[in-house]
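Working notes, beginning with the structure itself.
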Amino acid sequence: MRKKSFTEFFFLKLQTLEKISEEYPSAIVREGGLAALLNFLDFFSMHVQRTALQAAANCCRNVSPDSFNMVKDVWPILRNCLGYADQKLVDYAALCVIRVIESYHRSHADKLEVLVDAELIKAVNTLLLPAGGSPLIPTGTYTQLIKGLATAARASPTIAISLLEADIVVTLYQILTGVLPPSELEAQEEQGASASGQGLGGGLADMTVMQNLAHRPKEQIEEALNLVSELMPPLPKGQSLLLSALFQ
Amino acid sequence: MNKAKAKADRHIARQAAANSLAAQTDEPSEPPSRADTPTGAPVTGDDETQQGGPSDLSEGHSMPVSIMPPGPNTAASRSAEAISDRMTLLRSHDGVVNRFITCMVPILVDVYAASVSVPVRIKSLTSMLKAISFQDEEHLKRSLLVRISLPSEEKRS
């Protein structure tokens, strides 16, 4: 696999690897398969790239913490893939990220902190931004990506801060309202003087929000709200009990 | 059935943790749930993942770092520590957090008003509650007074 002198053979091997990755992903990762799959991605044709990324996505499912170093090595490649033009490639790369977050958030938050750094957040944010326009990724993956961010923010406060600093607020605002948020200057001027109709900061009518909410899939709204909730400061003592009593 | 029981147990554990925090005793107050549940390890693991998040019991930023008794309450004490760490971190990044809150509170109000589904409403309310309990007076004026033109929500200061 490592010689790669015959690209035709390589492609066949890649297909085999992809089939294997559906059944035995952990074995592939253990043997350094991730690096083999992704290191030479740019040299190959679109079809081969897709197969490689699909295999990588399968491998990232339930990846073990021991393989952290392997994941870390291919991470920049995955991050770059998030910005590629081909929809399927972006989809698979996003799936990789999502699955890695899923695998690491419970007990290895420190590893997650290394991976989900400002760079990755920037790449994911750019991906989520055309919030309403023609999305680069299918809605299911989009929703899962937001959910992944929420999981990561919940696992580590550092990640939450990085998310806030990366202007995730703009993305969330767009997801929930469909328009861009007012700039900070505007918000400060409008203190107590928002004569602009029905009162969102920016003169946004309630109808706009309602219409946007109606158009978005319900799961996305829920996950976006979840992310907002995770990014918010923790409740003071006793409040969480109050809330849980109130609603259950 | 098991899920509901586990949920009730966690609730009791949280309440017990809250009581022991308030009393600040040294006695390890064994919550009844730990004695009851036959599967000790999975419940603890479950507890950790559930209580690791910010939406759970918190000491509040005014209290010093966790004075929890070691031993049976380690999951709860670890989560309380994590939450106070989170609080300190957020306080230190005041500007960004406040900008986030000021932007999002009007949206959360609108989402609450516009939605019928109960989970969505609960989430928006929870986020609003968190935001408002975090901010101080000056910032609160900025985030809440944006809606001053609506007659039903006039002058929330």
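Bear in mind these aren't lab numbers, they're just calculated from the coordinates by the rules spelled out. Since we're looking at a predicted model, the values are computed, not measured. Counting neighbours? That spans all protein chains shown, and the Cβs are built from the backbone with ideal geometry, glycine included.
What does the highest-first list of A:206-217, A:170-181 look like by mean Cβ count within 10 Å?
Ranking the peptides A:206-217, A:170-181 by packing returns A:170-181, A:206-217.
Sort A:Ile161, A:Ile101 by Cβ crowding within 10 Å, fewest neighbours at the top.
A:Ile161, A:Ile101
Shielding of B:127-134 by partners, i.e. mean partner chain Cβ atoms within 10 Å per residue?
Mean partner shielding for this stretch: 6.
If you build the Cα gyration tensor of segment A:1-154 and take the root of 5 times each eigenvalue, what three semi-axes come out, in whole angstrom, biggest first?
Taking √(5λ) for each eigenvalue gives 25, 19, 12 Å, largest first.
Specify the inter-centroid distance of segment A:78-109 and segment B:101-149, based on alpha-carbon positions, in whole Å.
Distance between centres, Cα-based: 31 Å.
Shielding of A:165-172 by partners, i.e. mean partner chain Cβ atoms within 10 Å per residue?
3
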